[in-house]
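One structure below.
Please treat every number below as a calculation from the coordinates, not as lab data. What you see is a predicted model, and the numbers here were worked out from it, not measured in a lab. Heads up, the Cβs are rebuilt from the backbone with ideal geometry, glycines too, and the neighbour counts pull from every protein chain shown.
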Amino acid sequence: MRKPSNDDHMWTVYTKQFSVPAWATISGTVLVLVVLLFLTTRLSPQQPSFSFLDSATVIIGFVAGQVILMGLMLQVLLLAYYTSDLVSSLTAGPSPPKLSTLYDIYQNPSLKLGFEKGAAPHLYFSESTDNIVQKLWQRIQDNNYETLMNSLDEGMQRVLREPYLHMGWGIPMRYGYGHDCRLFMLPTSYFHVQASFMLKKDSPLVPVLNKV
């Protein structure tokens, strides 16, 4: 799968406190407090009655005063924390994906899993009795097999374009794409098979391969 990069970093995390929902929440809270203060003074016989404008002035002034006080008190803390967090996000890249098994992939519906058409994983998925493998195969069928690729190269290109995981034989993937820092290979392997090599009689490679 594609390894996260600094290009995927959401810079909006530094400005969420200035987002429209945050200000809408503050505005709604202020309005509710103004109405409550207005009604409380009107319904309390021992308290002087506030007009709606007076109630709004008190609440808005209180909120504004709190904002100014908070800004003054947290100035040093914001400069230190914000700067260090920003610098660290630029110097240290994002951590690898926290995925290890097919179960982790199944638990994340935003990820698409696929493999090469007619390759060994195609048979393994269609005939497996494992519950998770069956569910992933059903998800592939529900998507009209659109996650199945015609070649390994096509699958790798799709990995780099979208949240897609391509399953295949580990040796050609490792030697063909292991040098690409944009890719991340999950640590867990599946569908282990034995491979045979045809050698001519009395080949000097026989004792070498027997020790592997």
The chain: C-alpha gyration tensor shape, a/c 1.5 cut-off, then a/b vs b/c: prolate
Sparsely packed GluC sites (Glu not before Pro) within the stretch 121-157, loop by DSSP, other Cβ within 10 Å at most 11: Glu146
0 to 90° range, to nearest 10: angle between helix 131-142 axis and the chain longest Cα axis: 80
Distance from the stretch 132-186 to the stretch 27-67 (C-alpha centre basis), Å: 60
Other-chain or far-sequence residues with amide H under 5 Å of Asn108's (modelled H): none
Over the chain: helical MRE at 222 nm, DSSP H runs n ≥ 4 each giving -39500 (n - 2.57), nearest 500: -16500 deg cm²/dmol
Which of Pro109, Ala64, Pro48, positive extreme of dipole for the chain (C-beta unit charges): Pro109
Angle in degrees between helix 152-161 and the longest Cα principal axis of the chain, rounded to the nearest 10: 10
Exposure rule at most 16 other beta-carbon atoms within 10 Å, DSSP loop chymotrypsin sites (Phe, Trp or Tyr not before Pro): the chain longest free segment: 1-144
Vicinal HN-Hα couplings computed from phi for the stretch 103-119 (Karplus, 6.51 cos²θ - 1.76 cosθ + 1.60; Hz; Gly/Pro x): 5, 4, 5, 5, 6, 10, x, 6, 8, 9, 10, x, 7, 7, 4, x, 7
Charged-residue dipole, Cβ positions (Lys, Arg, Asp, Glu), the chain about Cα centre, Debye nearest 20: 320
